[in-house]
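Trainee: To start, I am sharing the structure in question, which I have written as structure tokens.
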Amino acid sequence: MKHTQSRGEWIGSRGQFLIERHIADAMAAPHWHDHVELNLLMAGQMTYLFNGRLEQVEAGRLVLFWAAIPHQTIAVAENAPLVCLYLPLIDFLGLPVDRKARQSIMQGRFLAQANQETMDALTLPRWEIEWQGGSAARRKLIVEEVRLRIRRLILDNAEIDNSPTHVSPTSLADHAVRHVELLIDLINSRYADPISVPDLAKLAGMHPSTANSAFRKILGISVNEYLTRHRIARAMQLLADTENPVLQIGFDCGFGSSSRFYEIFKERTGTTPRHFREAVNSRNTPAP
């Protein structure tokens, strides 16, 4: 996050809801934080490097993505105002949205509004102003309105079944991007297996050092770090969406032992798998 956190820092699930507005700029390196991020570019254009892909963002169109996946703005028009909203992941998991759509976002989908919505250009700046100086009651109302807007964005995309994502063909010319795309596809399909970085590199037809070099160049992290985050993300999904036993979820997500699962999960999220599930369930329980 631009305002307080150094880029490249993992904030974790303890983050709070936040709205900020700033002039967008190119980042020197990828960063990540455990929120679902909602962006509205007010003017101009910008390009994200997200999950090894180039995603072009146009003014007036909302975009949504899970910010725990490393992302970096690499090209921005001059004087481009950007409104950013950060919804903690645990709150996003509690939203009554289509399960497949939610999972696709956590697996790296970059969601964009198909058409410009005039009301967004008026509403998001108002939210930002009211958030900065509003009362606790008004802030609570803003959070509720943001949740509803996210639900509508997801529903709109589900109905047209076509997210307007733009992947620049120039990205295919870069060997590092191609390597990252291939490795990410392998991780998506093999994360549950007891697989190592040398195993992944061999399947991708490259040397392990080449794999790590590509990941660090494009995403700013190692292959193993990405694999760990992917497994944690899948575990969060299963904890939220199923009643499977916690230990089974750990094994199903590629963690070799229960102790390893609990250790990594708490280190990355600040809570245990069981407490995470209880927190999600409490958000999904209707008020009496």
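The values are calculated or read from the model by the stated rules, or taken from the named source; none is laboratory data. Model, not experiment: these values are computed from the prediction. Heads up, the Cβs are rebuilt from the backbone with ideal geometry, glycines too, and the neighbour counts pull from every protein chain shown. Quick note on the areas: whole protein, heavy atoms, side chains included, nothing else; ligands and nucleic acids left out. Shrake-Rupley method; radii C 1.70, N 1.55, O 1.52, S 1.80 Å.
Trainee: So which residues in region 213-228 are buried (at least 19 other Cβ atoms within 10 Å of the Cβ) and assigned to a helix (DSSP H, G or I), if there are any at all?
Mentor: Passing the criteria: Ala214, Phe215, Ile218, Val223, Tyr226, Leu227.
Trainee: Let me ask something else about it. Looking at (1) polar (S, T, N, Q); (2) modelled with pLDDT of 75 or more; (3) surrounded by 14 or more Cβ atoms within 10 Å (Cβ to Cβ), which is the only condition Asn188 fails?
Mentor: (3)
Trainee: Moving on to the next point. Could you say whether any residue in region 244-266 is open to solvent by 20 Å² or more (accessible area, probe 1.4 Å), part of a helix (DSSP H, G or I), modelled with pLDDT under 90 and among the basic types (Lys, Arg)?
Mentor: Checked region 244-266: no residue is open to solvent by 20 Å² or more (accessible area, probe 1.4 Å), part of a helix (DSSP H, G or I), modelled with pLDDT under 90 and among the basic types (Lys, Arg).
Trainee: Among the helices (runs of 4 or more DSSP H) contained in region 84-162, which hold 3 or more residues that are in contact with a Leu (Cβ under 9 Å, 6 or more places away or on another chain)?
Mentor: Once the helices (runs of 4 or more DSSP H) in region 84-162 are filtered for at least 3 residues that are in contact with a Leu (Cβ under 9 Å, 6 or more places away or on another chain), what remains is 99-106, 118-133, 136-160.
Trainee: Among the residues of region 23-43, is there at least one that is open to solvent by 10 Å² or more (accessible area, probe 1.4 Å), touching a Pro at 6+ places or on another chain (Cβ under 8 Å), under 24 Å from Gly133 (Cβ atoms) and assigned to a strand (DSSP E or B)?
Mentor: Checked against the condition, which is being open to solvent by 10 Å² or more (accessible area, probe 1.4 Å), touching a Pro at 6+ places or on another chain (Cβ under 8 Å), under 24 Å from Gly133 (Cβ atoms) and assigned to a strand (DSSP E or B), region 23-43 yields at least one hit.
Trainee: Let me ask something else. Out of region 210-238, which residues are of a type in the set (Lys, Arg), farther than 21 Å from Val280 by Cβ and in contact (Cβ under 8 Å) with a residue 12 or more places away in the chain?
Mentor: Matches in region 210-238: Lys217 only.
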